Amino acid sequence: MHISEGVLSAPVILGGWALAASGVALGLRKLDYEHIMGVAIISAAFFVASLIHVPIGPASVHLVLNGLMGAILGPAAFPAILVALLLQAMLFQYGGLAILGVNTFNMAMPAVLCFFLFRPWLRRGGAWRSSGAFLCGFLAVLLSGMLTAGSLALSGEAFRVTAQVILAAHLPVMVIEGILTLLAVGFLAKARPEMLDQSLGK
């Protein structure tokens, strides 16, 4: 779901940087030293999952895992996603440095939003937790696709068709991400419940 360099207009790029900076600042305030290792592990998983992608015009389709990051990290998903995208841009030229702010916001904001929407469900356990985890994974990708499409559409009429194709191409990814997030959260709830407790405020 990376947007390539040289595609977006300057106002969209600047707006993306402003929004991403605000999100990262919030995430860093919520992140304490004891949980940095856990954030690094989840950020690494996001980094690896995003390496396998299928190009579609100026963007690409791949596993995102931002819903899982939101469920586990909460607001700390912003700096975690920023670091992963920065490394991808520097090492593999995915996306780019100039539009790092837009790509970060498009992936991190849905993750954090889903965290706040479904945190009560994730706290309750059982079927509520499973439903909340699936919706985190599903909706985070849906919202990221919408934000990516919107970023392209705002940059020119020529990108509107591409924006629609990108959103449609991510429909199967949404279901896959929902299932993966459900399974991962269920596993962590049994094997490493402290990783969920730190973000859910238990």
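Strictly greater than 20 Å: what percent of every Cα pair in segment 65-132 meets that?
34
Using a basic spin-label model with each label point 7 Å from the Cα along Cα→Cβ, how many nm lie between I176 and M146?
My value for the distance between the label points is 2.2 nm.
By count of other Cβ within 10 Å, fewest leading, how are M109, M195, M90, M69 ordered?
So the residues, fewest neighbours to most, are M90, M195, M109, M69.
About the Cα centre of the chain, what is the dipole size in debye to 20, counting +1 per Lys and Arg Cβ and -1 per Asp and Glu Cβ, all else neutral?
540
Along the charge dipole of segment 10-200, which of T148, P75, L122 sits closest to the positive end, that is, farthest toward it, with unit charges on the beta carbon of Lys, Arg, Asp and Glu (+1, +1, -1, -1)?
About the Cα centre, the residue reaching furthest to the positive side is L122.
Add +1 for every Lys or Arg and -1 for every Asp or Glu among the other residues with Cβ under 12 Å from the Cβ of L135, and state the total.
Net of charged neighbours comes to +1.
Just to confirm my numbers, what's the Cα centroid distance between segment 83-108 and segment 130-149 in Å?
If we compute the Cα centre of each part, the gap is 19 Å.
For V141, V48, what's the fewest-to-most ordering of other Cβ within 10 Å of each Cβ?
Least crowded to most crowded, the residues run V48, V141.
Output needed: percent of Cα pairs per 10 Å distance bin for segment 10-200, bins running from 0 to the one holding the longest distance.
The calculated distribution, bin by bin, is 10, 39, 37, 13, 2.
In sequence order, what are the phi-derived ³J(HN,Hα) couplings for segment 123-134 according to the Karplus relation 6.51 cos²θ - 1.76 cosθ + 1.60 with θ = phi - 60°, rounded to whole Hz, with x for glycine and proline?
Computed from phi, the couplings for segment 123-134 are 5, 6, x, x, 5, 4, 4, 4, 5, x, 5, 4 Hz.
Run the numbers on segment 67-202 and let me know its relative contact order in percent, using alpha-carbon pairs under 8 Å that are six or more apart.
Worked out over segment 67-202, it gives 30 percent.
Any idea which of A89, A10, G27 is furthest toward the positive side of the dipole for segment 10-200, if Lys and Arg beta-carbons carry +1 and Asp and Glu beta-carbons -1?
G27
Only the coordinates and a few stated rules stand behind these numbers; no lab work does. All of these numbers come straight from a predicted model, not from anything done at the bench. Neighbour counts run over all protein chains shown; Cβ positions are idealised from the backbone, glycine included.
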